[in-house]
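Since the structure comes first, as structure tokens, the remarks are kept for the end.
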Amino acid sequence: MSTGHAVIGCGRVAPNHADGVRAANGTLLWACDSDPLAAKSFAADHDIPRWSADAAEVLAEPQVTTVSIAVDHAQHARLAEAALRAGKHVLVEKPLALSVAQATDLAELADRTGLVLSVVSQHRYDPLVVAVRRWQDDGLFGELVSARVALEANREPAYYADSYWRGTLAGEGGSALINQGYHCLDVTRMLVGDLRVRAAATSSAVLGTVIETEDTLSALLLAGSVPVSFHVTVAAATLWRTRIDLVGTAGAVTFDLDHPGTLHRATGRVLEKAAAALPGTDTAQPVAGKSYYGMSHRRQIADFLAAAEGGSPMRTGPQDGVAMVSLLRALYASANGGAERGVTA
């Protein structure tokens, strides 16, 4: 496979994009960041031939056919739109946008232009998550009766103080939920279906002097009539720990999205048999970026590049990104008594 790819945004998650493109035999052509030193350094570190501080320059390059957008949340929609209008296929880090209107406009633009648009949801591609989805599709849980989802993470004040956008309503659009909790929520939605918010509450008791947004959120959601409890905090002592419990009338599982993903329990005769047949996890290969990002950027990027070259549609399309933005906004609105703060349509 050969494609001309640009990485726009050279921060924490950008190494996963460079690694994923190379692993899929793609061609990295440009590194771009508004900080020219960051772009130049990233290009040198990842053997990328050209760098720029101007996204317009990169998007005007005919040889660039696909782009990764890995910048601050507030710029996702603007840069994704510019890339689509320039005829590029786009893989954008989560969230797709900060408002439902922006996200919907992007999905519609991708549809009109026939271009691939996907939001990074790498944990949907984790082998363990794929297996759990297959068990759900095969009815091994019986009738689902409840789900519990939790993320404990630690973010020090310096993580926010050293950033111009993290922890701000304008730049991040939230914090613990929209950034760290996104993937747990996204995988849960994939497994149990669309989620409706019944109630949500936030706290910033620990990091409130550093951030404008929440360090903790808890919520009750419904998947149809099935209650789903959700909790995320970045004020824990634990660096990163996820847990997802699915409980059904025929069996239950507990697993995580950590690296490597681990199945902690499987109960019920058929589920126990299915779990016993799972292959072991290979942990020998080093992770390209932060350990808790896992290895599945590679899998999603391979899917993205194949779709861009005219293959089958991606497993994760723009409507998944729109649905997640809608769910995030509903959670924040519920936590704020039905009205949102600081996010416009």
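The values are calculated or read from the model by the stated rules, or taken from the named source; none is laboratory data. Predicted model, so just to flag it, every value in this text is computed and none were measured. For neighbour counting, all protein chains shown are included, and Cβ atoms are generated from backbone atoms with ideal geometry for every residue, glycine included.
Assorted remarks:
- Within the stretch 16-41, the set of residues being closer than 19 Å to K290 by Cβ, under 20 Å from the mean Cα position of the chain (by Cα), surrounded by fewer than 24 Cβ atoms within 10 Å (Cβ to Cβ) and hydrophobic (A, V, I, L, M, F, W, C) comprises just one member, A23.
- In the set A200, A235, A219, only one residue is surrounded by fewer than 22 Cβ atoms within 10 Å (Cβ to Cβ) and within 17 Å of N336 (Cβ to Cβ); that residue is A200.
- Counting the residues of the stretch 103-128 that are buried (at least 24 other Cβ atoms within 10 Å of the Cβ) and aliphatic (A, V, I, L, M) gives 6.
- Counting only residues that are more than 14 Å from the chain's Cα centre (by Cα) and either assigned to a helix (DSSP H, G or I) or acidic (D, E) (or both), the stretch 305-318 holds 5 of them.
- Between V90, V13, V100, the distinction of being crowded, with 24+ Cβ neighbours inside 10 Å, touching a helix residue (DSSP H, G or I) at 6+ places or on another chain (Cβ under 9 Å) and on the phi < 0 side of the Ramachandran plot belongs to V90 only.
- Test: residue in the stretch 260-282 that is crowded, with 19+ Cβ neighbours inside 10 Å, at pLDDT below 95 and within 21 Å of Q136 (Cα to Cα): yes
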